[in-house]
Structures are given as C-alpha cells and as structure tokens.
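Heads up, the thing below is written out as structure tokens.
The values are calculated or read from the model by the stated rules, or taken from the named source; none is laboratory data. Since the model is a prediction, treat every value here as computed from it, not as a measurement. Using ideal geometry, Cβ is built from the backbone for each residue, glycine included, and neighbour counts are taken over all protein chains shown.
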C-alpha cells in the first residue's frame, strides 16, 4: 500500500507527543528479561512476522516488586486497517450503515470530520485488543524465550497464552471520564425504564448492551404477570386461568425478544456472524487455507469438536448433574432424619440446608472453572460458539442446583406450603443478597485498593524527589527496551493504576444467571405463588440501576465483544418456559382445590384433564413458535437487499474479467458480428 | 445490449427452418378474434411493452370445433437472457457451480460446446414457461379485447388470467423421446432403490425430483421399523421398547432428511430461494420499486396476507375441520345405532362407513378447490409460499379425515382389535386402490384418447388429400395472424396432440399425501400393529416404480418448477412424528398387558409412568432437533464462501467508485503526500 509510508511519517511526528493509550497491559515483575523483550518485540513487529504493528509505551518502574505497565496505542492508519478487517459497520455520508473500508474513507468522512469522529474510543480499544489477541507465534518461536516449558505451536496466539501462564496479569482498556459521565447520567435514571442502549453499546460493546436490552425487555414483559398475579391474589379461583395465560405470555415474550435482538444485531452489524467467522485466539489447529475466506488460519475439523462434546463433555456434565442431584437429596434426607432428634422449629434444623447452600456455592465455583476448561478443550472455532457451549454446561448444572429442590418439594414431598415459603425466601433473600454482593462488596474492595494506590503515588513522589538514584533504578529495570516512556506526571499512569486495581467484570454470565434463576422462580410455580412476578419486577427495576452503577463505577472497563444474540440463554429461557407449562399443570393437579371443584371426577380423569391442558398449552406454544418469524420484516428485507447487491457485484466483477463478450457465441454460430 | 441485434439476425435465418417447440399452448376454438390477436401479439411483443419476446408458430386448424394450437419457441439469445434473469446455476469451465450470466458465456462454454450443451431442453422449457407466465398487461389493456368483463389491472400476468377464464385451455412442454427413454431405463429398475435423481431433476425439474428423493429416503428409512416390527411380532413383550425406538427413529429420519434436502437444494442452486424472491405470476399488488432488487414489480404489504391468513382463513379452516370431525362422529353414531336393528356381522352394517368414505372423497375434492381459492386470495408473494400455505390447509383437513377416526377408535371406543383391523384394511386396501387409481385409470384414459387422436390424424390425411378446399379452410381460421405455420407432416403436431390428451399431472400433493397417510398409519399406532411398516415398505418399493412409470408414460409432461425443500410437508411429517409419541404411549397405557405386568400399581401411577415416558421421548426429540444442524457442514461452508466472495466483490465495486484513495485523510492530517 503506497499510502502507508506517507502516513507512517505523520505518526512518527506524533510519537514525539506520545499517542493516546487504548489498552493497558500488565506484566509480572519477575518475568525473564528475554521473554519481556520478545513480547514487546512481537507487539511492535510487522504483521507478516505475526506481530501486532502496534505502538507501545511504558510506565516507570519504582521497585522490583512492581508490575511492568505497558500502554498500547496504534497509528491512525493501523486503526483504519483493522476497522476494515473487522468489517466495522459505520454510517456513510449518505446515512447508510455499511462495512467500513479504507478505500472509501471519503465516503465515511463527510465535510470536515476526522477519524476521531469515525472511530469512537471504544472502537479503537476493541480494534487494538483484537490486534493484541491475534499476535501469533512464528515458526521460529518454539517456546517463550526464557521459559522452555511454555511450548508454542506454529501461529499460536501468544498474548492469551502468556495470560494463561500468568506472565501477563491484566489487559484492560481505560475508561473515558467524559463519555462515562454522559452515559451514566442518562442511564441510572432512565425514563420509564428506557435505557440508552445505543450509547451503552458504543461504550461497553455489544455483549453488555445486549444484556441490558434483554433485562429491560424482560422487566417490561413482567408487567403482565404482575397484573395477573395481583388479580390471582384477589380472586384465588381464577389462578389456573391466569397461570395458563402466563405460560403463553412467556412464550410470546421470548419469541418477540428474538425479533428485537435481531433488529439490534442488524443495526450493530453483527447479525451476519457465523460459526465460520475468524477463529478465536484460543482456537487450536494446523495452519491451512480457510475454506470460506481463503486466508491462512488455524484449521481443525468440526467433527472432532462434536465428538468431544457428545462423547466426553456431555457424559461428564450428566454425571456432575446427577451428583449435584444426590447432594440435594442428601440434604433433604439429613433434614428428615434430624427432625426426629431436634426441635423441628429450632435453628438446628436449618443446618443441613445452610450446609447445602454453602456446598452448592463452592461446588458451582469449581464447576465453573471445570466447564471453562472442558469447553476450551472442545476447541470451538468462534468466541460465540465457545460461550454458547460453556453457558450450556453451566446452565444445566445450575438448573439442578437451583430448581431441582423445588421439583422435589412440589412433586415428591407434595408440600405446597413449603414450596411457597421456599419461593418467597429465595426471591426476597437471594435477590437482596445479590444486590449486596454486586454493589457493596466491590465498593469496599475499591476503597481498600484506592487507599493502597494512594500509598504508591506517595512512594512515586518520594522517588521522583530522590532524582539521581531513581534514574539509575529505572535504567536497570528496562533492560534493552527501546520504547518511549510515559512522563511521571502523565495522568494516565494513576488512571491505569486505579482501574487496574478495580475488580474485573468477568462476563455477563452471572448477570444472566441471576435473571434465569429469577425467571424460574417466577414462572415455574406461578400457580403456587403468583405474586412472585411483583417481587421480580421491583427487583429488576433496581437491578437495572445497580448493574449500571456497578459496570460504570465499580469494575474495570471490560473489553467490548461483538455478539449477535444472547447465545445459549435464549434456549435456556425457552426450555424453562416449556417446563413451566408442565410444572404448573402438575402443581394445579396436586392442589386440593381442584378435587373440591370436581368432586365426582375420578383421580385418573382429573389427571387426564391436566395432561390435555398441558398438551394444549404446548401446542399453543409450538404454534406461536412457528407463527412468529425470528426476524422483523424490515430486517429480512434489508438482509435480502444486501445479499442481492453483493451477488450483483460478484456477477459484475466476474463479467469485468471477461472482456470478449459473446465473442465465442458468435464464432460458434457463424454469425458475422456487426459493429455498431 | 449491442450484441442482441447481431444475434437476432442469426435467429432470422433460423426461423425459415422453424425453431424447435418448447411449449405448446392450446386456445379454445371459439375465442374472440381480437382476443386471439391480442394474445399472439403479447407473446411476440417487446419486454418493455409487457410482452414475452417469444417466437410463436401455429398448427393448421381443420374445423371450427378444433382448438387453436400454438407452438412457442425462443431465440437463443432470449433463452440466455432469461437464464441469467432466473439465475440458473450451471457448471463453468472450471467445474464450479455458479449463476449463469450472459457476459460470462465464455466461461460456461468451454472448448467447442454450444448453448445446447449448456441449456437442456428441460431448462429451455422452464425458461419459456417462465417468460410466458410473466407476460403482463400494459396500462392500455383494461380488459381482454372482445371480453369487456374480463378486467385486467395494470401489469397483471395475462396468461394465467386467460387460463383462469378458460380462454387458454392448456399449456404444456413436450416430451423428449430420446431423453425419456434413457431416464426411464435407469429409473424403473433402480439398483437397491437408488434412483437417478439428477437425471430426474434435469428432465422434470426440482419439485418432482425432490419428491422422488424423499420417497426413496423415506422408504430406506422404513427398513429399521420393519426389522423392529418383525421382532415385535415374534417377541410381543418387547413391543413398548421397539415402539419407543421407533418414534426416536422417526425424528432422526426427518432431521437427516432436512440435511439431505439442503444438500440437493445447494447443488440445484435453489437453496437461496426466499419469500422475497420475484413474485409469482398470480401475485396482485400496486406496481412499485422492490425493496430488495430495486426492480419494478407488484408490491403488496406482507401484513395484509398475514391478517387474511390468521383472521379469515384460519377460522374457516378450523370450522371445516370441526365439520369434518362431526361427519366422522355421525358415521360412528349411525353405525352404533344400526347395530341394534341389523345383523352386526352382515353387509348392511358397512353402509355408514362406505357412505362416509364416499362423502369424505367428495368433500375433500371440494375443499381442495376451496383451499386453493383461499390461498390465492391471501395473495402470497412467491410460489413456494403459496404452495406451503395451500398444503398446510389441505393437510390440516386431511388429518381430520384420515386419522381422527383412528383416534376415536383408540381413545374413545378403546377398541384395540378394531383399531388393528382398521389399520390393516386401510394399509392394504387403500394402497392397492391407489396403485390401481394411479396406473390403471390413466392407462385406460390414454387408450381412449389415443384412438381418438388416430381418428383426427385420419381426418387430417383426408383433408390433406382434399388439397384446394383445405387451404381455403385454413385461411379462414387464421384471421390476420401473421405467424409461421407448421407443415402438415411435422411430427410435432401429432406429438402435441397426443400429449395434450394425456391426463395432466396436477402437482405432487397427491403423492405426498399418500405417503403422509401411510406414515401416519405406520407410526401413530405402531405399538398396536407393528408389522405395518413392512406393508409400507413393500408398497413403497412398488410405488417408486409406479410413480416413475406414471409420470414418464401416462401423464403430460409437467412444467418444471424450482423449489428448495418439500415445503409444508416437512413440518406436517414432523408434527405427525411428535403425535406418534403421544398416541403410542396412550395406546400402551390402555393395553391390558401393562396392567398384567404391573399388577400392584394404581391406575394413577401407571398413567404417570406413561406420561413420564412420553415427556422423556419428547425431550429426546427436542435434543435431536437442536443437536442436528439443518445443513451439512460442506453446504454451510460453501454458502459462507459464496457470501464472503459476494461481500468482497461489493466492497471492491464500491472502492472502485472512489478513486481518490486517502486523499481526504491526508488533507485532514496535513501530511504532504509523497509520490512513489
């Protein structure tokens, strides 16, 4: 590219004023010197050598225990190149959303806009993170220099590898105070629960924006069950009717959410993501030509993953589920057993369930790591697939932990009042505990860390005063690293320090899980405790604010990730919706009210009545499922148009290659061509 | 297009030797002279005037009662143009399947191939039929000339309109004896049931090829239930186990068929068909710019169709279903009532069921027309949508007629032996009757007609001898039609006559319905009559041959139609598969054997056992449904590649439009561009 060198010049000039930080990378203090040199070299190296072609700066280091802190930036032209590679969707001068390409920069920069108007800081952070994560080992890199045991295979993504081995401790983008303040203002106090989803997406990326969009949609949809629940509270005999309406409503809501989600994904340009997209950094395989793009990237046959999933992971997860089930049974048995020996109303009787709760928490945490490991081993190609299969495993396991005890109480113990009190306790206590855990815990942590940071700063000031001595120390700690250094008074240093000490926002799993559990508590037994929807609604209105506050203020800024839907959660909620038909019918069948209403009916006949009711509702569900299309009409049309335009372009391109139009036709049919 | 006139010249030369007939059009003898002229003019008129740009020839007419017979042909360049418009998928010189375009003719005609190698006769017939069906009324055409009552709206497809009003009696392509003989040879006696699906598709088009592919796949898949059935026949106590296996097998088969069907559709280039494709000729709407292609074509909002479907058609069909249900009930009641008065083993007792069968046949025939009318009124955009919604209505209605009596016998009368004998009778008798109706009836009809044709030929010979007189008669019968005339001895005349008299192959509905009914009889109550699968297998092995013979020899050649799947049938079979889980569990629950095996169990407990069994099997079914992807991996990769290539082409095309690459970038950032 002829223009690249021209722009490099511009960047050379810029480098003297130190470019902005997009991502901060922290490296363990005791890393081997050669490993550090190699890493830094890789980040700066040419793309053709597997490098990142990024700009790297570092902070001064005051002690040997302090981590190395690198600030990663990129030249403007590099950012534009990655933006093209990632097919970022941007609005062009005509107001049309389409994939950005460098060659059409003019089209995307109308009037006197600059590339800072085109790419938001969040965009830039995403682009740089993508580039960092895709720095790959060349065929000469057999292992990380200085660590012969950390073996690399050809083309392995080295940054996630170094993270796995603990050489790199943290990678995170920095917050933008200005933008964050603006976002928070319109977010904490949303009008009528409408959140600024587009702004959230611009700041935090698609994954998080989609979570908040789902939370909002789900919360709004709870209004109907709340009304039904309140009516059911007043007119108790109408509960079965409301309950039937409820389960139909759940189906409808989930189908409509799919449409909403597809609309968002279309606008965000992520709707076309497939399992054949660019592989995730952790994807292992031999290098080969990609069947879709023709680019060289790791290749691994899909059936290997499928075999691993069904022959190994599935049985293992099933066994774990059975074990978790037995753990639950044992807790019930011990409780039963204890009832004979201790006062059934005393506090001693609560020991088994408290122990069980603690065990579940511990086991869940272990299982989470295990599921991640298992899914990593299955070797899924894309991040979305990886997430989907990881979440599926976790949801299956959590289903046993969270809901099976309710099933046991309802259908084995047949103790409806215990079920009701259990639902009440869990909904009110667990949600309260969650708010506490989500907001107050990190607040305390941050307070603790920020005081620690203050100490560090003081230390820095002191060493700065020490002058001569410090300079020598710095020289020692940067062996052979010929990279620019941030001045001591650069505000980015303390920002990187502060935010680095904040708790990490792992992923949206916990947030979704919370909703999932709540969803189960509200709908699985809505006939027993119809007012549950009200508690859920109140909780969620608070939840939106708590989650928003948490992610804006309490956590380190998460790296933006592109997704096209809520992944495995859609199906998880759908399955729960389907189950709720059966559980509600089952609970209604067991309730004594039914027998009072139908005194002459035989037991079998009543049972058949509820079977028919359940099957009818499942039929309605199926009908809604096939009757409501996944994408709104406008999305379907827009996608079809894009598809059509692309195909036309392909035809055109091909026809351009053949200049001798119809020449062959004429020679075959012997017609003398007349010139016009 | 500059080359068009050059090729037209070639065609002018060809016309003196009369081009081949692709489609035959028959017009009523007493059509108004002006209407005839108008129709002929339209067929020959320019595309921009709504015409077909086709070549038309006619046969001599010997009497005023004889229909007008037109032979439609097209110039080579016209055929190529339509082939491009319809995006025919052809193998290029590199062996790659892709959309044909005229501009790349060279790529598709390697070495010294001609366009006859590129386009099969079947292709040409499809192309000409498409063009015929898309001849449209211009804004001047307010009605068909001579028929002021046959009002036309702007851009209406006039050929289907004239067919609806009975002015055009038949439109059909001609058989190719050579190709048909070759096809039939490899088809009637397939090795191990493998049919020459590709050849069938080339000759009869995708719709029919897909039917035979499905028939083959289904027949092969019956082998498993046959083995299970035979085992169940020997070891009667294993029936429940086999039955459970059976229903899982059905799900598996239907999921795998979807993959198979998608593979075929990919190879045939129909996999990309959507509901936003070019509208079917019968689609009504105001002319407007299409949101996808930008071409002008009729536009009608989709929600109008949806409203009509759910608010009008659905309730009407539901009422019809209820009426059909009552018809069945009445037949049962009358039979019950008669038992008291007549000998229960005599023939009189059969009267109600015979009357019922007759009534069902009559009512079904009426309902079929009604459903077609209703679906036409709903105004679906594409032929596939139209077919899907038409078939859905018919299947719902036939479901009541065919299966509800079985449900009644099984679950209301609880008469398992009657159910078994009913299944036996229907499977053996109805299938025998079908073979008779399908093969022998048309054979007789053809014999009758061919003797009639012989008479016509004799007449022709006589009039030919008459010479002078005949010439005058001919002149009188072609008023003002200045089109070429086929010579009396042209073999196409008698071929057109013969094939015109053959019975018309309506569509694949009857063939699929037959399989659907059989499928229901085999699987819905496989626990009652497990040997049913064997009869079905034997029947289907014969059916393949009978259907092949029928379509090759007994019917007029059907117009090839493009489809991407078996449409509504896939879902219809799936629903039946799902129902079969419940019916089999229900029948097993009712059987006395279960009570003998579990003597200590209460009625409720046994019922619960079978509910759990049914729910478990439904769960397995759901798991298979989500676990097996609809498209094989290679199809997904191939589609993704094509999509990727297209998007790249679009990017490239757009970047070509912007020549001043990065000029703006440089001006903004003030870097002096260095020239290389």
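Of all residues being surrounded by 15 or more Cβ atoms within 10 Å (Cβ to Cβ) and assigned to a helix (DSSP H, G or I) in segment B:591-607, which is farthest from the other protein chains (Cβ to nearest Cβ)? Just the residue, please. Result: B:594. For segment A:98-117, the count of residues that are in contact (Cβ under 8 Å) with a residue 60 or more places away in the chain, surrounded by fewer than 16 Cβ atoms within 10 Å (Cβ to Cβ) and not in a helix (DSSP H, G or I) is zero. One residue is enough: does segment B:564-574 have a residue meeting the conditions closer than 30 Å to residue A:604 by Cα and either in contact with a helix residue (DSSP H, G or I) (Cβ under 9 Å, 6 or more places away or on another chain) or within 14 Å of chain A (Cβ to nearest Cβ) (or both)? There is at least one residue in segment B:564-574 that is closer than 30 Å to residue A:604 by Cα and either in contact with a helix residue (DSSP H, G or I) (Cβ under 9 Å, 6 or more places away or on another chain) or within 14 Å of chain A (Cβ to nearest Cβ) (or both).
The requirement of being within 28 Å of residue B:381 (Cα to Cα) and more than 13 Å from chain A (Cβ to nearest Cβ) is satisfied by residue B:201.
Checking each residue in segment A:257-297 for being touching a strand residue (DSSP E or B) at 6+ places or on another chain (Cβ under 9 Å), within 13 Å of chain B (Cβ to nearest Cβ) and under 21 Å from residue A:92 (Cβ atoms) picks out only A:269.
Okay, residues lined up against (1) within 17 Å of residue B:144 (Cβ to Cβ); (2) at pLDDT below 85; (3) in contact with a helix residue (DSSP H, G or I) (Cβ under 8 Å, 6 or more places away or on another chain); (4) surrounded by fewer than 20 Cβ atoms within 10 Å (Cβ to Cβ):
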| position | (1), (2), (3), (4) |
| --- | --- |
| B:37 | yes, no, no, yes |
| B:40 | yes, no, no, no |
| B:50 | yes, yes, yes, no |
| B:54 | no, no, yes, no |
| B:61 | no, yes, yes, yes |
| B:72 | no, no, yes, no |
| B:78 | no, no, yes, no |
| B:82 | no, no, yes, no |
| B:86 | no, yes, yes, yes |
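Scanning segment A:118-149 for residues that are within 14 Å of chain B (Cβ to nearest Cβ), over 16 Å from residue A:559 (Cα atoms) and not in a helix (DSSP H, G or I) gives no hits.
Can you find a residue that is modelled with pLDDT of 80 or more, more than 11 Å from chain B (Cβ to nearest Cβ) and closer than 30 Å to residue B:644 by Cβ anywhere in segment A:95-113? No. Mind listing whichever residues of segment A:615-646 are facing another protein chain (nearest Cβ under 9 Å) and closer than 30 Å to residue B:601 by Cα? Selection gives A:615, A:618.
Here is a check on your reading of the model: is residue A:578 at the interface with chain B (Cβ under 10 Å from one of its Cβ atoms), at pLDDT 85 or above, out of contact with any strand residue (DSSP E or B) (no Cβ under 9 Å at 6 or more places or on another chain) and surrounded by fewer than 17 Cβ atoms within 10 Å (Cβ to Cβ)?
Working: at the interface with chain B (Cβ under 10 Å from one of its Cβ atoms): yes; at pLDDT 85 or above: yes; out of contact with any strand residue (DSSP E or B) (no Cβ under 9 Å at 6 or more places or on another chain): yes; surrounded by fewer than 17 Cβ atoms within 10 Å (Cβ to Cβ): no.
Here the answer is no, as residue A:578 does not meet what is asked.
Residue B:651 meets each of the listed conditions (1) modelled with pLDDT under 85; (2) more than 7 Å from chain A (Cβ to nearest Cβ) apart from (2). Here is a check on your reading of the model: is residue A:333 in contact with a helix residue (DSSP H, G or I) (Cβ under 9 Å, 6 or more places away or on another chain), surrounded by fewer than 13 Cβ atoms within 10 Å (Cβ to Cβ) and at pLDDT 85 or above? The answer is yes for residue A:333. Screening residue B:385 against (1) at pLDDT 90 or above; (2) within 30 Å of residue B:534 (Cα to Cα) leaves a single unmet condition, (2).
Of the residues B:276, B:264, the single one that is part of a helix (DSSP H, G or I) and surrounded by 14 or more Cβ atoms within 10 Å (Cβ to Cβ) is B:264.
Any residue in segment A:301-321 that is in contact with a strand residue (DSSP E or B) (Cβ under 7 Å, 6 or more places away or on another chain) and either within 14 Å of chain B (Cβ to nearest Cβ) or under 30 Å from residue A:362 (Cα atoms) (or both)? Walk me through how you get there before you give the answer.
Filtering segment A:301-321 for residues in contact with a strand residue (DSSP E or B) (Cβ under 7 Å, 6 or more places away or on another chain) gives none.
Looking for residues that are in contact with a strand residue (DSSP E or B) (Cβ under 7 Å, 6 or more places away or on another chain) and either within 14 Å of chain B (Cβ to nearest Cβ) or under 30 Å from residue A:362 (Cα atoms) (or both), one finds none in segment A:301-321, hence no.
Exactly one residue out of A:424, A:393 is part of a helix (DSSP H, G or I), modelled with pLDDT under 90 and surrounded by 12 or more Cβ atoms within 10 Å (Cβ to Cβ): that is A:424.
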